[in-house]
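Asks: The structure follows.
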Amino acid sequence: MSVITCVAPVNIAVIKYWGKRNEELILPLNDSISATLNVEYMRAKTTVMASPTFKENKIWLNGKEESFENPRLQHCMKELKQRARKNTDVVNWNIHVCSENNFPTAAGLASSAAGYACFVYAIAQLYGVEGDITAIARRGSGSACRSIYGGWVQWHVGKSDDGSDSFATQIAGVSHWPEMRILTLVVNSSRKKCSSTDGMRRSIATSSLLKYRVDHVVKDRVEGIIRAIKEKDFKAFAEITMKDSNQFHAICSDTYPPLSYVNEVSRRIIELIHAYNELRGTTKVAYTFDAGPNACLYLLEEDVPEVVALIQYVFPSDTERVEYFKGLPINPGSLS
Ligand code: PMV
């Protein structure tokens with residue numbers, strides 16, 4: 001028997017991925033950029049056991065058995081086996097996989113990113129896969145390819161039809177911007193009504209704004225935010241981050257029938273952040289929302305106490321909970 005346990009953190013996109021040009025290979029319409037959280041905070045933990053005595057492959061997610069026949073799992077397994085170290089018996093054994101998240105699953109908090117990054121990384125270790133595995137993680141969930149690295153990460157759109165050039169690379173490492181923090185405001189932890197896969201499919205079919213964004217907007221934003229990250233220019237970084245989140249949710253509204261991931265509390269958070277930035281006379285905080293109502297705030301460490309106090313004052317109740325996840329980031333490659 002062979003056993004391995006890995007942990008992988010979530011990543012929070014500042015330039016959003018929305019829309020696939022190839023669904024099966026999970027090839028995106030545009031580049032996306034994110035930061036990977038510190039693994040102590042929001043993460044998936046996956047244990048993989050391989051044994052010649054196991055009769056079939058099995059997987060449990062958060063204690064519940066799921067089907068191993070899931071095509072995305074199968075695609076990852078196929079690619080991992082193709083890349084396995086030669087002369088290793090373990091590839092021919094069945095596996096049992098247990099994975100759990102320490103935060104709400106499928107609530108627009110990048111749970112599938114952490115989950116698939118962890119799954120692919122763990123099995124890559126088991127099979128002795130060498131070299132880049134981000135394109136394999138991409139086959140599980142697009143955004144998972146960005147959680148393979150710590151720090152600031154870019155997922156390249158790629159040009160080829162086979163997806164060989166659609167992988168993730170690090171823009172800047174874990175220690176590049178040590179003052180940067182992310183605050184996650186859990187507005188609602190229930191599962192989202194429309195999965196990102198269905199949402200993307202619907203936006204591609206109906207939103208002209210999505211096409212406009214891909215053709216005319218994202219390229220400049222990607223260049224601008226890479227510059228801002230490299231120069232640690234918080235103001236420029238924050239402005240691009242908020243504009244990109246707003247445009248993503250505008251695309252959701254432009255989709256027919258519309259997708260509404262943000263809710264009234266999310267909108268109040270947006271107003272609050274703009275009012276706070278105005279009061280402070282400069283941009284101190286940036287918000288971003290994925291496919292759910294929960295806010296992720298990017299800010300510098302020195303501003304955390306005041307912003308946490310403000311959030312707790314404005315949203316005091318249990319249902320409008322604030323969780324503070326401090327610290328970016330860590331490379332899951334350093335995990336065992
Ligand atoms: O990787 P998926 O299919 O869960 O899609 C993620 C899409 C967003 O979270 C909304 C944006 C992103 O780039 O992470």
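Asks: Of the conditions (1) surrounded by fewer than 18 Cβ atoms within 10 Å (Cβ to Cβ); (2) touching a helix residue (DSSP H, G or I) at 6+ places or on another chain (Cβ under 6 Å), Ala144 satisfies every one except a single condition; which number is it?
Replies: Every listed condition holds for Ala144 apart from (1).
Asks: Since Cys6 meets every condition but one in (1) within 16 Å of the ligand (Cβ to nearest atom); (2) farther than 30 Å from Tyr212 by Cβ; (3) in contact with a Lys or Arg (Cβ under 9 Å, 6 or more places away or on another chain), which condition does it not meet?
Replies: Only one criterion is unmet by Cys6, namely (1).
Asks: Moving on to the next point. Answer yes if at least one residue in segment 53-72 is under 16 Å from Cys145 (Cβ atoms), surrounded by fewer than 20 Cβ atoms within 10 Å (Cβ to Cβ) and under 22 Å from the mean Cα position of the chain (by Cα), and no otherwise.
Replies: Looking through segment 53-72, at least one residue is under 16 Å from Cys145 (Cβ atoms), surrounded by fewer than 20 Cβ atoms within 10 Å (Cβ to Cβ) and under 22 Å from the mean Cα position of the chain (by Cα).
Asks: Tell me which residues, restricted to segment 28-44, are modelled with pLDDT of 95 or more, in contact with a helix residue (DSSP H, G or I) (Cβ under 8 Å, 6 or more places away or on another chain) and of a type outside the set (Ser, Thr, Tyr).
Replies: Answer for segment 28-44, where residues must be modelled with pLDDT of 95 or more, in contact with a helix residue (DSSP H, G or I) (Cβ under 8 Å, 6 or more places away or on another chain) and of a type outside the set (Ser, Thr, Tyr): Leu29, Asn30, Asp31, Ile33.
Asks: I'm trying to understand the selection: among the residues of segment 190-200, which are over 10 Å from Gly19 (Cα atoms), within 16 Å of the ligand (Cβ to nearest atom) and touching a residue at least 24 places away in the same chain (Cβ under 8 Å)?
Replies: Arg191, Lys192, Cys194, Ser195
Asks: I've got another one for you. Of these, Ser207, Ser203, Ser164, which one is more than 13 Å from the ligand (Cβ to nearest atom), modelled with pLDDT of 90 or more, crowded, with 16+ Cβ neighbours inside 10 Å and hydroxyl-bearing (Ser, Thr, Tyr)?
Replies: Ser207
Results for (1) within 25 Å of the chain's Cα centre (by Cα); (2) aliphatic (A, V, I, L, M); (3) within 20 Å of Cys118 (Cβ to Cβ); (4) not in a strand (DSSP E or B), shown as yes or no for each residue.
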position	(1), (2), (3), (4)
Cys6	yes, no, yes, no
Leu25	yes, yes, no, yes
Asn30	yes, no, no, yes
Ser34	yes, no, yes, no
Tyr41	yes, no, yes, yes
Thr47	yes, no, yes, no
Lys86	no, no, no, yes
Val91	no, yes, yes, yes
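Asks: Just name the residue that is surrounded by the most Cβ atoms within 10 Å (Cβ to Cβ) out of those in segment 284-317 that are within 16 Å of the ligand (Cβ to nearest atom) and of a type in the set (S, T, N, Q).
Replies: Asn294
Asks: Scanning segment 256-281 for residues that are under 24 Å from Ser34 (Cβ atoms) and in contact with a helix residue (DSSP H, G or I) (Cβ under 7 Å, 6 or more places away or on another chain), which turns out nearest to the ligand (Cβ to nearest atom)?
Replies: Tyr261
Asks: Out of Asn62, Asn101, which single residue is closer than 30 Å to His249 by Cβ, touching a residue at least 24 places away in the same chain (Cβ under 8 Å), touching a strand residue (DSSP E or B) at 6+ places or on another chain (Cβ under 6 Å) and away from the ligand (no atom under 16 Å from the Cβ)?
Replies: Asn62
Asks: Given the conditions (1) out of contact with any strand residue (DSSP E or B) (no Cβ under 7 Å at 6 or more places or on another chain); (2) not in a loop (DSSP other than H, G, I, E, B), which single one is not true for Cys296?
Replies: Tallying (1) out of contact with any strand residue (DSSP E or B) (no Cβ under 7 Å at 6 or more places or on another chain); (2) not in a loop (DSSP other than H, G, I, E, B), Cys296 fails exactly one: (1).
Asks: Using the structure shown, decide if Asp89 is at pLDDT 90 or above and surrounded by 19 or more Cβ atoms within 10 Å (Cβ to Cβ).
Replies: No; evaluated as a whole, the condition is false for this residue.
Asks: Within segment 9-61, work out how many residues are closer than 30 Å to Asp161 by Cα and of a type outside the set (D, E, K, R).
Replies: 22
The values are calculated or read from the model by the stated rules, or taken from the named source; none is laboratory data. Quick caveat: nothing in here was measured; it's all calculated off a predicted structure. Methodologically, a virtual Cβ is constructed for each residue, glycine included, from the backbone with ideal geometry; neighbour enumeration extends over all protein chains shown.
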